[in-house]
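The values are calculated or read from the model by the stated rules, or taken from the named source; none is laboratory data. Predicted model, so just to flag it, every value in this text is computed and none were measured. When we count neighbours, we look across all protein chains shown, and the Cβ atoms used for this are built from the backbone with ideal geometry, even at glycine.
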Amino acid sequence: MLDQSTDEPEESLHRLAFEAAPVGLACLAGPDRRVVAVNPHLCALLGAAPADLIGRRVADLAHPSDGERAAAAPAEAHEACWHRRDGSAAWVTIRPGPVRNGRQVLAVEAARDGGAALRAEQTRLALASAGLGDWSWNAADGRITLSDRAAEILDRPAGPSGTWAELKPAIDRDDLERARAVVQDAVAKAIPYAFDFRYRRARDSHLLWISARGRASFGPEGALASMVGVVQDVTAREEARRALHDREQRLRVATSVAALGIFEWHVLDDQALWENERMWEIFGRRPQDGTISMSEFFREVMHPEDKAAFRDAVAAALRGEGVLHATGRIRRASDGLWRTIEMAGRFERDTPGGLPRRLIGVVADITDRRLAEERQTLLIRELHHRVKNTLATVQAIVGSTARTASSIDSFYEAFVGRIMSLAHTHSVLTEDVWQTASLRGLLENELRPYADGTMAAGARGRITLEGPAVDLASEIAVPIGMAIHELTTNAAKYGALAGRSGRVRIRWSVESEGGRTLLRFSWRESGGPPVAPPTRQGFGSRLLQRVLTTQVQAEVTIDYAPDGLRLTMLAPLPARNVALNPLATL
């Protein structure tokens with residue numbers, strides 16, 4: 001086993017002494033301290049054949065953590081951890097001899113004082129107390145050796161517990177491919193590696209998350225000789241991480257569905273962090289524009305009328321429990337529109353009662369909700385007013401119809417007709433988002449039973465409607481609808497619609513006068529029985545004269561010409577209430 005260069009007796013004695021030495025001996029040569037000879041005792045100690053050791057650097061025999069020290073060739077005796085051929089650790093005491101002619105002999109024996117073994121055991125106990133189990137892999141036979149803790153984690157026997165091929169089926173397939181790529185890259189670069197993988201425990205099929213770390217050792221010519229490392233059960237950590245991730249995802253989904261912006265405001269440096277896209281949308285900014293500080297928020301974005309109340313809310317939160325609730329209007333940067341926002345959050349402090357460190361909160365754009373609330377309030381007031389007027393109208397219809405009716409049948413006919421006309425007008429108003437009624441629609445509803453075809457202008461039918469589209473606001477639609485009903489009923493009983501030859505021509509237009517918008521309405525009958533002024537004023541006449549004048553502020557002129565009744569009305573059209581439009585925005 002000793003490299004022999006002479007046959008002289010003295011050299012032969014040296015060779016015999018080298019081979020028969022009761023301790024392991026290794027002869028090193030060259031600047032990289034490669035093994036050129038070993039004796040049988042060292043081969044037995046490491047469980048290796050001479051061919052496994054000769055040609056290797058002494059640093060290759062040592063544990064990776066001891067490799068640099070071994071390569072540095074300490075001159076004094078020391079303890080080290082070397083690897084046996086099967087990959088297991090061997091704690092040894094090394095006594096280096098002097099260097100002669102570029103060669104050095106190392107005396108290697110198992111650590112006898114128990115110090116190395118004790119430290120190894122202490123190391124394993126320390127690893128186990130940290131939840132780590134150590135392992136080693138020998139490239140020669142492919143066997144894996146596990147410590148007690150590693151065996152417990154992987155649910156395998158301690159010591160040499162099988163090969164890598166036997167362990168692979170328990171590892172998730174996707175993680176196995178990823179781990180293989182990580183290890184191959186680390187081996188190629190001679191660096192440590194680490195990866196996490198899912199592992200199916202054999203005894204109960206429970207899925208674990210395992211964290212593995214390791215490093216490769218290389219033999220002669222750089223061939224892979226072994227690997228050592230540690231494993232740790234990180235299932236609890238991974239489940240906690242995934243639970244936190246799931247909670248964050250649920251929070252993001254919830255805030256996204258609720259259209260909430262998430263932000264942080266760092267108090268001391270007055271810097272804001274916007275956590276999601278909704279914040280940028282609410283403020284009408286782009287990520288490249290950057291966020292805004294609280295001072296910029298009050299100076300440039302907040303509506304002047306809302307600044308004081310908003311500041312008071314922030315101050316109250318700082319003085320109290322740290323909970324902020326504030327509402328105000330902001331100018332959106334993208335289009336300059338004023339939007340109403342609601343901000344809620346909590347101030348975090350370094351210590352109880354200490355200075356506030358940051359504000360974490362959410363922002364909601366409640367503009368549409370506020371508009372809807374205002375519209376609902378207005379509609380309720382409109383409903384109350386309309387119900388009051390309707391009840392008064394019904395009361396007037398009952399009284400006047402009763403006074404003018406000649407019999408129960410005539411009372412019923414007149415009363416039902418008027419109530420149905422009133423109900424139709426209210427139905428039209430309710431269905432329209434603006435709470436308006438079409439003038440043409442009211443006319444067509446009343447006159448359709450008497451038409452002999454289309455009622456369009458120039459159609460030469462019994463009834464002609466001619467005029468632009470006009471939508472009547474609720475306050476004038478009801479009285480005008482009642483007036484149209486009375487005119488139609490009167491024409492059907494006594495006027496142009498009482499016979500087949502009669503004609504009714506209705507024309508209207510919209511005019512402007514003195515800053516007001518006026519409706520000019522004309523009703524003209526012809527071809528019916530001769531007309532004479534009534535001897536007494538009935539309900540229809542009173543409605544035309546009084547209701548239109550009082551409720552509509554209209555100027556009404558009625559001419560009982562012999563060839564047919566003529567009515568002219570000039571009524572102001574009230575402006576639309578924008579708040580009643582659900583599509584209106586600030």
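Things to note:
- Within segment 515-534, being crowded, with 16+ Cβ neighbours inside 10 Å, in contact with a Pro (Cβ under 7 Å, 6 or more places away or on another chain) and not in a strand (DSSP E or B) holds for one residue alone: VAL531.
- Filtered residue count, segment 484-512, keeping only those that are touching a strand residue (DSSP E or B) at 6+ places or on another chain (Cβ under 8 Å) and in a helix (DSSP H, G or I): 5
- Test: residue in segment 260-280 that is within 30 Å of LEU53 (Cα to Cα) and touching a Phe, Trp or Tyr at 6+ places or on another chain (Cβ under 8 Å): no
- Residues that are at pLDDT 90 or above and either among the hydrophobic types (A, V, I, L, M, F, W, C) or in contact with a strand residue (DSSP E or B) (Cβ under 8 Å, 6 or more places away or on another chain) (or both) number at least 1 in the following helices (runs of 4 or more DSSP H) confined to segment 216-321: 277-283, 307-319.
- Residues of segment 420-435 that are at pLDDT below 75 and assigned to a helix (DSSP H, G or I): SER421, LEU422, ALA423, HIS424, THR425, HIS426, SER427, VAL428, LEU429, THR430, GLU431.
- Evaluated against (1) closer than 28 Å to ALA223 by Cβ; (2) assigned to a strand (DSSP E or B); (3) of a type outside the set (Asp, Glu); (4) at pLDDT 85 or above, TRP91 falls short on exactly one condition, (4).
- Whether a residue is more than 57 Å from the chain's Cα centre (by Cα) and part of a helix (DSSP H, G or I) was assessed, and ALA477 does not pass this test.
- Any hit, segment 362-380, residues being at pLDDT below 75 and more than 16 Å from HIS303 (Cα to Cα): yes
- Flag for LEU46 being surrounded by 11 or more Cβ atoms within 10 Å (Cβ to Cβ) and modelled with pLDDT of 85 or more: yes
- For segment 335-352, taking the residues that are more than 22 Å from ASP270 (Cβ to Cβ) and surrounded by fewer than 12 Cβ atoms within 10 Å (Cβ to Cβ), the one that is modelled with the lowest pLDDT is identified as PRO352.
- In segment 433-472, the residues that are surrounded by 16 or more Cβ atoms within 10 Å (Cβ to Cβ) and polar (S, T, N, Q): GLN435, THR436, SER438, ASN445, THR464
- Residue check, ALA194 buried (at least 18 other Cβ atoms within 10 Å of the Cβ), in the same structural domain as ASN138 (by TED's automatic domain parsing) and among the hydrophobic types (A, V, I, L, M, F, W, C): no
- Residue in segment 539-560 that is at pLDDT below 60 and farther than 19 Å from ALA496 by Cα present: yes
- Residue satisfying condition, being over 18 Å from ALA225 (Cα atoms) and at pLDDT 90 or above, within set ALA150, ALA186, ALA181: ALA181
- When ASP66 is tested against (1) surrounded by 13 or more Cβ atoms within 10 Å (Cβ to Cβ); (2) within 22 Å of ALA111 (Cβ to Cβ); (3) at pLDDT 85 or above, only condition (3) is not met.
- Filter result for TRP209 (surrounded by 14 or more Cβ atoms within 10 Å (Cβ to Cβ), modelled with pLDDT of 90 or more, touching a helix residue (DSSP H, G or I) at 6+ places or on another chain (Cβ under 9 Å) and not assigned by TED's automatic domain parsing to the domain that holds LYS168): no
- The residues in segment 44-62 that are assigned to a helix (DSSP H, G or I) and under 16 Å from ALA225 (Cβ atoms) can be counted, and the count is 9.
- Number of positions in segment 163-187 that are surrounded by 13 or more Cβ atoms within 10 Å (Cβ to Cβ) and of a type in the set (S, T, N, Q): 1
- Residue tally, condition over 17 Å from ILE341 (Cα atoms) and either among the polar types (S, T, N, Q) or not assigned by TED's automatic domain parsing to the domain that holds LEU355 (or both), over segment 260-294: 2
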